[in-house]
Amino acid sequence: MIDDRMGFVISKLEKLAFNVTFNPETSTGDVGYNLTVVPYEFVDDVAQAFDEVIAGGYTFYKGYCITDQDPRLPEGHAGFLSACSITMDGVLQNHGIAVNVVYGGRFSIVDSRPVGFVDLIGYKGTTVDPLPLFINAGLTNVHGVATTGTGIALANVREVTNKAKDRVEECVEHMVKAGFVRPVGIGDGLFNLRPDPYRLSIVFFSGMNLVANAVEKGYPIYTEIGAGIMPFSRFLEE
């Protein structure tokens, strides 16, 4: 039944985006989140790895929170909750902008300058999320990006109609004020993406860069992408 599972990942994320109620103008409402499961003995180390990426601005949101109350956590483990970039899709949809998550990929950065994509995987043509594939295969160098400005990070590509550019940029400005990281680029034919006269590409660094840095350091963690939604206020309480 492999054919029935094609596009399953994006369907799950689209459902999550529909439930996002976050209002970036007031910093209220619910956001999508990823859940990273961390053994207690590595909590401080993983937090340091997350902080390195946040300091460089190579993630989706500049924060995370830690819990030990989630029923999905095994005994002896804590949960790191980080904002999932599907939150942006919910925000755009709530502003009347139809958006598609098209690709997840490896993105090259040299001397803190964005260069372009090294690899892309289309969300509608896969049965698994592409970003953990890159992480688990050892194909990222987020630690290099965070510490030297040169390496391979993870990014997502979204597409909207080019008529929505002004409204997208307005939403982005409000998101940035709320603590989210500005997109790497918004436009047609960005970097080495294929041009489309009718579609606008939005390239975001993924929140999974936090996880990638920790995995590169050898910590035994795993992450559920799009684990659910939660009030944005939880990030502000930590």
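Within the stretch 101-156, the set of residues being β-branched (Val, Ile, Thr) and assigned to a helix (DSSP H, G or I) comprises ILE135, VAL142, VAL145, THR147, THR148. Whenever a residue of the stretch 158-176 is within 19 Å of SER85 (Cα to Cα) and open to solvent by less than 60 Å² (accessible area, probe 1.4 Å), its partners that are acidic (Asp, Glu) and not in a helix (DSSP H, G or I), lying with C-beta atoms within less than 6 angstrom and at least six residues away or across chains, give the pairs HIS174/GLU25. Scanning for something of a type in the set (Val, Ile, Thr), touching a His at 6+ places or on another chain (Cβ under 7 Å) and part of a strand (DSSP E or B), does the stretch 55-66 turn up at least one residue? Checking the stretch 55-66: not a single residue is of a type in the set (Val, Ile, Thr), touching a His at 6+ places or on another chain (Cβ under 7 Å) and part of a strand (DSSP E or B).
Taking the condition under 23 Å from VAL128 (Cα atoms) and either surrounded by 18 or more Cβ atoms within 10 Å (Cβ to Cβ) or over 19 Å from the mean Cα position of the chain (by Cα) (or both), does ASN213 pass? Lay out the reasoning, then the answer.
On the way: under 23 Å from VAL128 (Cα atoms): yes; either surrounded by 18 or more Cβ atoms within 10 Å (Cβ to Cβ) or over 19 Å from the mean Cα position of the chain (by Cα) (or both): yes.
Here the answer is yes, as ASN213 does meet what is asked.
In the stretch 127-157, which residue that is of a type in the set (Ser, Thr, Tyr) and open to solvent by less than 40 Å² (accessible area, probe 1.4 Å) is nearest to PHE205 (Cα to Cα)?
THR140
Of VAL9, VAL46, VAL20, all but one fail to be of a type in the set (A, V, I, L, M, F, W, C), in contact with a helix residue (DSSP H, G or I) (Cβ under 8 Å, 6 or more places away or on another chain) and assigned to a loop (DSSP other than H, G, I, E, B); the exception is VAL20.
Can you tell me which residue among VAL101, VAL118, VAL160 is in contact with an Asp or Glu (Cβ under 9 Å, 6 or more places away or on another chain) and either modelled with pLDDT of 95 or more or not small (Gly, Ala, Ser) (or both)? Steps first, please.
On the way: VAL118 fails: in contact with an Asp or Glu (Cβ under 9 Å, 6 or more places away or on another chain); VAL160 fails: in contact with an Asp or Glu (Cβ under 9 Å, 6 or more places away or on another chain).
VAL101 is the lone residue from the list that is in contact with an Asp or Glu (Cβ under 9 Å, 6 or more places away or on another chain) and either modelled with pLDDT of 95 or more or not small (Gly, Ala, Ser) (or both).
Of all the listed residues (ARG72, ARG106), the sole one being farther than 20 Å from ILE229 by Cα and touching a residue at least 12 places away in the same chain (Cβ under 8 Å) is ARG106.
The values are calculated or read from the model by the stated rules, or taken from the named source; none is laboratory data. These numbers were taken from a predicted model, which means no experiment stands behind them. Note that each Cβ is placed from the backbone with ideal geometry, even for glycine, and that neighbours are counted across all protein chains shown. Calculation scope for accessible area: heavy atoms of the full protein, side chains included, ligands and nucleic acids excluded. Shrake-Rupley method; radii C 1.70, N 1.55, O 1.52, S 1.80 Å.
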